[in-house]
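Working notes, beginning with the structure itself.
The values are calculated or read from the model by the stated rules, or taken from the named source; none is laboratory data. Every value quoted in this text rests on a predicted model; they were computed, and no experiment measured them. So basically every Cβ, Gly included, is an ideal-geometry build from the backbone, and we count neighbours across all protein chains shown. Accessible surface is based on the protein model in full, side chains and every heavy atom, while ligands, DNA and RNA are left aside. Shrake-Rupley method; radii C 1.70, N 1.55, O 1.52, S 1.80 Å.
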Amino acid sequence: MNGRADFREPNAEVPRPIPHIGPDYIPTEEERRVFAECNDESFWFRSVPLAATSMLITQGLISKGILSSHPKY
């Protein structure tokens, strides 16, 4: 024993370092599926609520007269 606790499983694989991903990298089908799922979820759960909330706040400020258009426009 060397004084350090060894918490690794006896047959556990050590993860390999991530290779450099350059412009010539081709993702696997599973990675493409995950990328598409992330894009879809980020659109529906982040972009749409943020845009709708911003639109409602802006419309409310315009209707109360706090925001107004510039006379030039």
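Figures for the structure shown
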item: Qualifying residues in region 24-38 (those that are loosely packed, with under 10 Cβ neighbours inside 10 Å and assigned to a helix (DSSP H, G or I)) - the one nearest to the chain's Cα centre (by Cα); result: E30
item: Evaluation of A12 against (1) open to solvent by less than 90 Å² (accessible area, probe 1.4 Å); (2) among the aliphatic types (A, V, I, L, M); (3) modelled with pLDDT of 95 or more (one fails), failing number; result: (3)
